[in-house]
Structures are given as structure tokens and as C-alpha cells.
1. What pairs come up if the first residue lies in region 197-218 and is without any contact (Cβ under 8 Å) to a residue 40 or more places away in the chain and of a type in the set (Val, Ile, Thr), the second is part of a helix (DSSP H, G or I) and open to solvent by 40 Å² or more (accessible area, probe 1.4 Å), and their beta carbons are under 8 Å apart, counting only those six or more places apart or on different chains?
2. Regarding region 349-369, can at least one residue be identified that is touching an Asp or Glu at 6+ places or on another chain (Cβ under 8 Å), farther than 23 Å from residue 330 by Cα and either small (Gly, Ala, Ser) or open to solvent by 70 Å² or more (accessible area, probe 1.4 Å) (or both)?
3. Inside region 28-55, can you point out the residues that are modelled with pLDDT under 95, open to solvent by 40 Å² or more (accessible area, probe 1.4 Å) and basic (Lys, Arg)?
4. Regarding residue 423, is this residue touching a strand residue (DSSP E or B) at 6+ places or on another chain (Cβ under 6 Å) and either surrounded by fewer than 17 Cβ atoms within 10 Å (Cβ to Cβ) or farther than 23 Å from residue 276 by Cα (or both)?
5. For residue 178, all conditions in the list (1) within 22 Å of residue 96 (Cβ to Cβ); (2) open to solvent by 10 Å² or more (accessible area, probe 1.4 Å) hold save one; what is the number of the exception?
6. Name the residues in region 1-17 that are open to solvent by less than 10 Å² (accessible area, probe 1.4 Å) and either assigned to a loop (DSSP other than H, G, I, E, B) or closer than 16 Å to residue 494 by Cα (or both), would you?
7. For region 430-463, enumerate the residues that are open to solvent by less than 10 Å² (accessible area, probe 1.4 Å) and either touching a Lys or Arg at 6+ places or on another chain (Cβ under 9 Å) or without any contact (Cβ under 8 Å) to a residue 12 or more places away in the chain (or both).
8. Does region 464-494 hold any residues that are among the hydrophobic types (A, V, I, L, M, F, W, C), without any contact (Cβ under 8 Å) to a residue 60 or more places away in the chain and open to solvent by 10 Å² or more (accessible area, probe 1.4 Å), and which are they?
Amino acid sequence: MPKTIKILDTTLRDGEQAPGCSMNAGEKLEVARALEHLRVDIIEAGFAASSPGDKEAVAAVAKQVKDCAVTSLCRCKESDIYTAWDALRNAAAPRIHVFLATSDLHMEKKLRLSRKQVLETVTASVQYARKYCPDVQFSAEDATRSDRDFLCRVFEAAIGAGAATLNIADTVGYALPEEFASLVQYILFNCRGIEGLDVAVHPHNDLGLAAGNALAGIAAGAGQAEVTLCGIGERAGNAALEEVVMGLHTRQNALDVSCRVETGQIYRSARLLQSVLGLQIQPNKPIVGKNAFTHEAGIHQHGVMADRLTYEIMRPESVGIPQQEMVLGKHSGRHAFDETVRSLGFSLEEEALASAFQAFKALADKKKKVTTSDIEALIKEEGRETTGHYRLESFVINSGNTIDGTAILKLAVGEEGGQTLVAFGDGPIDAAFKAVNELAGEFTLKSYSLNAVTGGGDALGEALVRIENENGQYTGRGVSTDIIEASIKAYLNAVNKSL
């Protein structure tokens, strides 16, 4: 019988550390629900001790999620550990996750601790965590550049203190797959007391080897993989959930392993993350990129028409990519809309579903045909424009190639009525963004893009922006049949995230 591999998703912690990928508590909860529907085994909901907001988000996820474990990362400090437990105490299956660097480089330059002090710190920290929670994971940061014998001693200290899971972190993406597999085997054969415990792998993608290293570690005997949706994370990112899971799924016979992830939810989860963060998935991204199942070369097209297995090692449907668009219109009723929403994999409360239906009706008055892609975009957008500190009430734009762009915006602020703002700029978008800055403070636009959700002159436009101020970078998303309105909504979404 195939061995079942646990999937720990750290999109909400390690993934969020990527520039411009910060999420508020509500957005984290939204992604956590998608991960629960995806049926990952453990959700790493954040780093509770890093800020009051992160603790609040971890607590919200811990309280909401019932079908998988929830964990929070901690340094080997009692204050971190207690803060994590305080956030996790209402979880159905809490896990405390402590980490410490084990390479000589990190111990000397960053920690300024001796090997003896590291062993003592790991023992004390895991013991302290076990006072609150029976499920404790210890991670060795920069494990792949650590002395192997010392790494075994560190893991043995964690085992003796009560850790149930030991994580081998390739923190800087340095290892080659054969090296990673060799390290996993060395730990399994040379670490006393490791029998029956879970060994996890946490690869980074600096050399583009994260998914390969995760699969190599699993083939060598690891029982848990740590991943993020779309591979987001620090620097070049982490191992991508969709790549590792579909690697396990597609090559199950070769690896003799499986996992409980519901692969049909992968595409929707990736699209949700894209909308929450205002990111674009590159077309050639494995599994979820728009070109992943596209065949342009004639010889490929001929082969696929004869038998899809000629050039497809997996089916688009297996990851939840819809194969045909359902078309609705202004005469479509609530039942048809609700069925379409459910077929897309969304699970909405009655109030949210009713609000989305009203948004659909408003769109149907503007468009002759509303596709499932339009509905998906509406659901992702629903709530973003009516919540947040700043909200768009109306706008007027004046622009041309012989005049400066002029934007007149009316924004609602908090619970107060609208404030009217006027700004000039190099075109209508620049003027609109400058008008928002007059009220919200100075932000610098770092990137901006527009995409058509579907084809046709009446298509929904999706705007994605990334802005920056002295506190960091923030991404925003907005959709509308009017690209200027979509752009303003995206900018306000990003500004509201900064607050």
C-alpha cells in the first residue's frame, strides 16, 4: 500500500514573506479556507510573535479550520512559543513549530552560539513547547549546509525533548536533488530515536530545484513536504504545492506514495491566491499556467487529437481547470447562478452568495453573455470594494493627447460620507492614482497591468497594481467592464491593505 505523505502548506507564513505578498487577517482566512478544501494536512498560518496582526490572523485561522492541523512558526524563545500557543489554543489540531539554525555559518555569524548552546536551546525550547501542545515540530534552518553528524545530534536533542516531526530545511535552495536525498537517508539511518517520527523537507527554489528536491527527499523516505501555492516565498520562492502534489499523483507508481490533497481544487486555489495578492501567474507555470495544457505546434495538436496521452501526462480536469465555459445572461435565475458557483468550487455563506448574485445581475445588464470566468472574477472581487477604509463612490475622467489627464474622484472614508478629490496627471490612470494619494498619503506605483478576463469588447477588465511606501509593498486587484474603474479599485485595494 502506498505511503501517505503529509503536505504542510506555508503560503500564509513563508509565502507571505515574499515582497508585495502580505495579507491581512481576512485574506489569510480566505486562503486558509481554500487550503482546507484542498485538503492539505497542516496549514502554517503565520508567525504569531512577529506582530499583533499576525497573531490575530493565526488565531482566526486556528478557530475556523477544522479539517487539518494549524501551526505557527516560533523562534526558540519562550515568548514566541507562548504567543504561538495563545493564538493556536482554539485549533482542532494545533501544532507548535520551532526552528533554529544548525549550520556553522549561521551559528557563528547570526546566532553567535556554540554547538553546545544550540543543543541546549533546542532541548529547552521543545520541552517548553510540549508543556502546551503534544504536537511539536522542530526545524533545522540551513540544514543542507550543516555538518551531518551535528545535525543528527540536534535532531536527537529535539526527539529527546518530545518533538514529533523533524524538518530538514534547504533554506537557501543550495542542495542538488541527489544531495538532498542522501541527507534524508543519512538522517533516517544515523539519528537515534527517529523511528516512527515524521521527517519533513522544506526546499527553497534559488536554483530552480525546489520541487525536485522535495520529490527526491520523499523518495528517500521523508514523510512530509512543506510547500506554498504557486511556489511564492522569499527570494525565488518555495517548492510549489501544485508541482509537488501532481508529481506525487502522476508518478505514484514510481514513488509508491500518495497524499490526501484534492487535486481538483488546485487550479481554483491558485487563482484565489492570484486575486488576493494581485499577482499574475506566468503563462508557462507548470500545472496552473494558462499554457500548461496548450498545444500550438502542429505535430503536438495532431498527437493530442489522436490520443491526449501523446503529449499530456495529466488531464486539465485533474487539477480543476474547467474545460468549457457555461454562459449565463440577465434572464438567468438564482438557481442557475448558485449551481454555477458551486461547480466552480466556491462555498459561500448565504449572505455572500446573495451579494454575488446581485453583482452578477448588474454585470449582466452591461454584458450580453456572462461566462463562468466572469462569475469567478466577480466572486473574488465581491466584498473588496465595499470594505476597507477607502471606497470608491464615483469618478469622472477627462483625458486626451493634447491635454493633461484630469481625475475627479469621490471616495468614502471609514464610516463617513464621500470626499471629492481632483488631480492632474500624465494620462487618466496617473491622475486617478494621484487623486487617491492626496487623501491616503504618498505611494509609489511599482507595477501595473491590465488583463481581459474574457474576450470581446464588453469583457471584464482585471487590473493588478503594486504600490510602495516607507512601510513596504502592497498589491491590489480590481475588476470592472471599465478599465479605469478597475484600476482605481485595484489601487484602493492596495492602499487599504497598507492600513
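1. That search, which allows pairs on different chains as well, returns 199/188.
2. no
3. 33
4. Details: touching a strand residue (DSSP E or B) at 6+ places or on another chain (Cβ under 6 Å): yes; either surrounded by fewer than 17 Cβ atoms within 10 Å (Cβ to Cβ) or farther than 23 Å from residue 276 by Cα (or both): yes.
Yes: the conditions hold for residue 423.
5. All conditions are met except number (1).
6. Residues of region 1-17 open to solvent by less than 10 Å² (accessible area, probe 1.4 Å): 5, 7-12, 14-15.
Selection gives 5, 10, 11, 12, 14.
7. Answer for region 430-463, where residues must be open to solvent by less than 10 Å² (accessible area, probe 1.4 Å) and either touching a Lys or Arg at 6+ places or on another chain (Cβ under 9 Å) or without any contact (Cβ under 8 Å) to a residue 12 or more places away in the chain (or both): 460, 463.
8. Within region 464-494, the subset among the hydrophobic types (A, V, I, L, M, F, W, C) is 464-465, 467, 479, 483-484, 486, 488, 490, 492, 494.
Checking the rest, the ones that are also without any contact (Cβ under 8 Å) to a residue 60 or more places away in the chain come to 467, 483, 486.
If the condition is that a residue be among the hydrophobic types (A, V, I, L, M, F, W, C), without any contact (Cβ under 8 Å) to a residue 60 or more places away in the chain and open to solvent by 10 Å² or more (accessible area, probe 1.4 Å), then 483 is the only one that fits.
The values are calculated or read from the model by the stated rules, or taken from the named source; none is laboratory data. Computed from a predicted model, the values in this text were never measured in an experiment. Every residue, glycine among them, receives a Cβ derived from its backbone with ideal geometry; neighbour counts consider all protein chains shown. Only protein heavy atoms, including side chains, enter the accessible area calculation; ligands, DNA and RNA are left aside. Shrake-Rupley method; radii C 1.70, N 1.55, O 1.52, S 1.80 Å.
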